[in-house]
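Computed from the coordinates by the stated procedures, all read-outs in this text should not be read as laboratory data. Computed from a predicted structure; not experimentally measured. Glycine also receives a Cβ, built like all others from the backbone with ideal geometry; neighbour counts cover every protein chain displayed.
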Amino acid sequence: MRRLLFPFSVLLSTLVLHSAAPVHAQQREILDQKLNSAGEGYTVLRVWGSRQQIGYAIGATFADDIVSAFDEVRDMSGNYYSVLRGAMTSLTFLPKGVEEEFNGLVEGVKSVRPEADVDATDMKVLNTFGDWSYACRSHSCWGSRVEAPYSTLSTRRLDFGSPLAVVHHHVLYAIEPSDEPVRWVNLAWPGFVSVVTGVNEYGSLVSVHDFQSSVVADPGVLSRTMAARHLLSSVPALPIEEHLAWAQQQLSDQPIATGTFINFYAPNGYGGVFTCAPGKVCSSPRTPQQNYRDGEVLITTNSQTDGHSTPSGASFLDPYYDTPGPKTLESHFGVMVSDELHMMTVGFRSKGDMRLLAHGRTSEGWTPRIDVEWSTLFPTPTNDAGADAEPPDAPISMDATADSESEIAVESGADSSNSAPPDSSDDPSNSSDEPSEGGCGCKVNGSPSTRSWYVFPLGFLALGVFAQRRRGGCAIVDRG
């Protein structure tokens, strides 16, 4: 295995914003950061306050990355960009009040880059990135299939290319809002407040998968990534057994723009998977079935299933679950390692008491793995936090063999030792040769040449919106 070493420095834990009012300077803390000379790697960022303050903190922290991302998007989309901006006015954005975050993002960027030509509509274009195309794998298990101290293990793997340079800077956001009911974590990129992979303090892992690869550009449709954000961050103080029914009610009368599966992996078997056809409201969720692995496993790919068998594209998980014995956090992560853009595993103990593993792709391999306790991300304990939680000052583990005081290690190849499980009984090697079942192009490279994955859907969506406006009807864009 080839290792590429880059010098790095860990930033001050509290980063002072220049050209920003003191009230904004207090709303963020960089808990850890490992970036190479090209700006690739990861940042772990805690933000708190109102939606506007959180948006401002994110915008100011990543102003340069966000400006560069817009330069790329505008260059790729060309004349279609103005049509894309117009399309944002037809979409619904949830949760209510999220417009304040988009405004805050703009203010934060301009506090550092006052010349930046960005506004809230541009931020919406960036945050609907997750509606263009994703091919993914996710699995969750609980009960007798999980080794203590965890009661549930959930992993989401995002299989996608690298259409923008900014997606090689992975950000683990720890978000503590004053105007939303729960704390939540978002694994994303600079400037993103939408959700493709996230977990809230209840331990519910929410993510989106591609399904029926079309976009319906109809007025009032909701971006699937904003739907995931709403379900993740707006869940009220209900018993965990009632969260899935609440999520179903939220989606019951809201059409979703892009065909998708929305995973709502609530812990201990209380979750499910929503199927959302393009431009339609989502169906009732698929839930665990007793005749499939004793009702203790949920698996999602990009293919439909009734839950009574392994879905197409996940046969590599059959040997893993066929092997007797409870699963470890390490093996749950390791069995999924392939060529993902990013991946996150949640080891759930109880509300506000979790351990997270995550990594992301760079142009040369993967970032060092993030290994962090919930109590490190949120030093103030959550109500009902479990007794097994680490103390608030527990350090983040980099899980890299390189000296963390002087260098960053970027792993090259899918056999990364920092991602492999500790025992051979849960051998992750099945994933390295997994078939591309279900029409999911899972084997992608980190090369910028994969930006075509983004360019063509972007252009076709713009054309679809234009045609829909000319005809006053619904435009369906097939992303093939």
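Worth a mention:
- Centroid-to-centroid separation of the range 283-327 and the range 235-265 [C-alpha atoms, Å]: 20 Å
- Centre-to-centre, using Cα atoms only, the range 108-161 and the range 199-223 are separated by 11 Å.
- Trypsin sites (Lys or Arg not before Pro) restricted to DSSP loop in the range 280-345 with at most 16 other C-beta within 10 Å: Lys280
- Cross-linked pairs Lys124/Lys327; Lys96/Lys351; Lys34/Lys110: Cα-Cα separations exceed 32 Å for Lys124/Lys327.
- For Val171, the residues whose amide H sits under 5 Å from its own are Thr43, Ala188, Trp189, ignoring neighbours fewer than 5 places away on the same chain, with H placed 1.01 Å from N.
- Phe274 sits among other residues whose Cβ lies under 13 Å from its own Cβ, and their net charge, with Lys and Arg +1 and Asp and Glu -1, is +3.
- Built amide H within the under 5 Å cut-off of Val221, gap 5+: Thr92
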